[in-house]
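Every number here is computed from the coordinates shown, using simple stated rules; none is lab data. Computed from a predicted model, the values in this text were never measured in an experiment. Counting neighbours? That spans all protein chains shown, and the Cβs are built from the backbone with ideal geometry, glycine included.
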């Protein structure tokens, strides 16, 4: 039996727009993945601690408030400090194209922009974890 | 509504036509097997008087300005006065936003609309740990009365109407607005405007709640009570379906849950002995306008009819003014696409048309780039021009409710009302909206619609131009992007520090203690908050005082 | 380096109190590596100063279990106890995936060193909890947590696993809940150690208390009379009394030696869960491996023999997790 993929869908920042996060969570569940959802308004430390406690393989960050350039680096820094090697991080929400290279640089593997089909998120994970999904 | 013998004749002719059409379709099949509105109502090939035979003109449709207001709440509608063109704006600092307001007023905008940043909306000061990265981002940052004074500097508050999108902290921001007006020497009795103050939909869809629902409802009702006597021209609540729609609700759900929220507010207010006739005049609504033009129009018409019946028959309001559903409309943010952003101009135009044909009292048209970031000045201008063209060039404003009598629109209006009634009854069965929210029922219904919609466009069952059809490869974000000055947060924190040194901190402490004391009782909190605001207590300080008494809410996850 | 593939380091770090090691050990055990629990228990000096305490919180969806637990953690952790919460949610039968959202209501503890929350999907198990939950509980205890709280959905049809796992089981109800307590299996109300009527400010709370009293009066008189408590967890009303009653029940278990019965039940459940997990996995693998010809030709008895043989040969299908 293959080890089930565990994904944390987290909402950093203060915005309450969770439609995207919930739709993605639902689609991942339908793809056979175990999704842990944090709810709104999570601080970087809450997100990283949750990822550790839940021993997730992946963190998906969803933000629409525009605070990503402040909060994402903080999350990546904490992940590094706590030596959580191997957790894959992706992001989604309202994130301008210009910011994406910078986010990739700090270790965010992929940024999904508005209008991305959920299939694309699922196949992204299938690609990264071919024997797990 | 029609002569029975003629109807019978018509039914026969229709059967005949159906038969001929079926043979026509053998050679020329239709594009799709089923035609449906986005709410799932089947759309027929053609509509005839037979589809609305049960309607009685005066009972179901009536005249503009008369019960049940299907045709609009004013007898002359836009022949008298056009709708208010109101663009939601606000970003960064109070200074910058003040400049944008003056620009918009010069461009012919007729009302102001304030967007606040998230810390202000959730009751945190700019220097709070959770505010990191959020200050000035989705709206203007307001920490104290001092910022509010700058925001409305040189704008005579007796001459404009101001709409503030503020909910959990509505009492504080309204108090600040009153304080600014007083400093301008303006009597609060003449202040015109709206605060959203609709906490229920925050739990359902928008997410800027602070306290548990019961405490929040108390704050909302306190505001209703206070404004009823002190700010007679003010609309102290804007019951909003817009955000539920954004979260994925169908038009029918938007309509139903908004009205159900309305029922809950009136129920609470009435239990506090507020006069339903005054209350009815205070309440306003806020809906979205999406792409399916006729369904949207039907939604607006059904909303008026439903609300009028409820206010008249369920709450026994006797004043016709209390039966009227007044509403603001915003075009659908979630219908905007990041791909080919100029297409959004067209979408917004059709949505605005639907809002106007539906009889809206005010309208915000989205800017084409809002799927990507805050709108640029140029995009905001196009959006405003869209409304002006609609008002002055298309002729749609020249007669009241021009689509009345359309067999399709009337039948769809009826259908929307029926669908909404079903949801409203279900909510009632659950003991009202507070219970339905606590049990996650409304959230679940909306999420299911959102997920269904997602799957439909992903599978191509639903076409979105530029997204799953007529795509052009890499074409995102070719427009200039508006960014908030990254220094806003630092400057805002500095201002806050300075303020805390300069003000009389002794009286702040007393004010906050008084707020806490009053929060434990049934006293109306508004006067206490006004006092604190005058002394330059901050949004965060006042909210934290209430957090101590009320506690904080955590959401229900129902997926 | 992935700790999950280096068991020795994992155990070392577990012994050092590294929470990441605990989390990864949980994952291994959840995926069937039960031996790991034995190894850790034998290597770690298990001088627990206090007896472990496992509290089950069960009830239908929407009755407010997570909020109740959120409010319970406070008084326990101020007692200087370390609390571990397992939030169990059902796996989708259709996809095998799950959305685990219970911790949303307890997220304020995500930065509290004395609290650890782990979401668990029921996976293949037919019961209300995962087959390996008891192994995971053992890990939490071995790591040094004093109190383990298990939250499960205990709606009508679900079986009664939680009662066998916990020392103390709280059944959470709410007023206006459909047909009320009738929807629960008889056993459920029979076995609950404490009844909580949450959201007690809603209409019908007193009626529910009455219904429960009537129901209780028909059951045999026993030493522990399950209390019925009215609670409004969102407003922290009644939580103090619940904590008192929980502690009183624990004292009762300790003084009456009932605690040993509960421990025995738990050990049995653990063996059963482990065996079922292995057997089900092996069974699935054997079934998948059957050709159409075999399906038609083998008789029932031969089929059973094949299945059992494969099982005993260790073709468990549940290979250790990479």
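Quick rundown of the values:
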read-out	value
Shielding by partners, peptide A:2-10 (average Cβ within 10 angstrom, other chains)	4
Residue C:287-residue B:32 FRET efficiency (beta carbon distance; Förster radius 45 Å; 0.05 resolution)	0.55
Exposure proxy ranking, count of Cβ atoms within 10 Å, fewest first, for A:78, B:231	A:78, B:231
Cα-based Kirkwood hydrodynamic radius, segment B:74-164, one decimal, Å	14.1
FRET E, pair residue B:385, residue C:243, Förster distance 60 Å, beta-carbon r, rounded to 0.05	0.40
Fully extended contour minus Cα-Cα distance, from residue B:471 to residue B:15, at 0.36 nm per residue	159.9 nm
Distance between segment B:379-437 and segment B:536-556 - C-alpha centres, whole angstrom	36
Global geometry of chain C, whether rounded, prolate or oblate, following the gyration tensor of its Cα atoms and the 1.5 cut on a/c	oblate
Fraction of the pair-distance distribution of the protein assembly as shown above 44 Å, Cα-Cα pairs, percent	39
Cα long-axis angle, helix B:441-458 against chain B (0 to 90 degrees, to the nearest 10)	60
Approximate spin-label separation residue A:131-residue C:252, in nm, with each point projected 7 Å along Cα-to-Cβ	5.1
Segment C:267-312 pair-distance distribution - Cα-Cα, 10 Å bins, rounded %	27, 45, 21, 7, 0
Helix B:94-106 vs. chain B, principal-axis angle (Cα, 0 to 90°, nearest 10)	40
Prolate/oblate/rounded call for chain B, Cα gyration tensor, a/c under 1.5 rounded	prolate
nm² value of the averaged projected area, convex hull over the Cα atoms of segment B:29-95	10.1
Alpha-carbon centroid distance for the pair segment A:11-50 / segment B:10-57, whole angstrom	45
Segment residue B:483-residue B:457, length gained on full extension (0.36 nm per residue, minus Cα span)	6.3 nm
Tensor-based shape of segment A:57-133 (alpha-carbon gyration tensor, a/c under 1.5 rounded, otherwise prolate or oblate)	oblate
Binned Cα-Cα distances of segment A:2-98, short to long, each 5 Å bin given as a whole percent	3, 14, 27, 26, 19, 10, 2, 0
Cα gyration tensor of segment B:266-322 - equivalent ellipsoid semi-axes, whole Å, descending	26, 12, 9
Residue-averaged beta-carbon neighbours from other chains (10 angstrom radius) around B:547-557	5
Residue order, fewest to most surrounding Cβ atoms within 10 angstrom, among A:97, B:246	A:97, B:246
On Cα atoms only, tilt of C:65-78 relative to the major axis of chain C in degrees	80
Burial order of peptide ranges B:186-196, B:57-67 (average beta-carbon count within 10 Å, highest first)	B:186-196, B:57-67
Per-peptide average of other Cβ atoms within 10 Å, ordering B:134-146, C:25-37, B:394-406, C:273-285 highest first	B:134-146, C:25-37, C:273-285, B:394-406
Residue exposure sequence - A:69, C:136 - by fewest surrounding Cβ within 10 Å	A:69, C:136
Estimated FRET transfer efficiency (residue A:98, residue B:522; beta-carbon r; R0 45 Å; 0.05)	0.30
Average beta carbon contacts from partner chains per residue of B:430-443, 10 Å cutoff	2
Sorted peptide list for B:345-356, B:267-278, criterion being average Cβ within 10 angstrom, highest first	B:345-356, B:267-278
CD proxy at 222 nm, helix term only [per DSSP H run n ≥ 4: -39500 (n - 2.57); per residue of chain A; nearest 500]	-12000 deg cm²/dmol
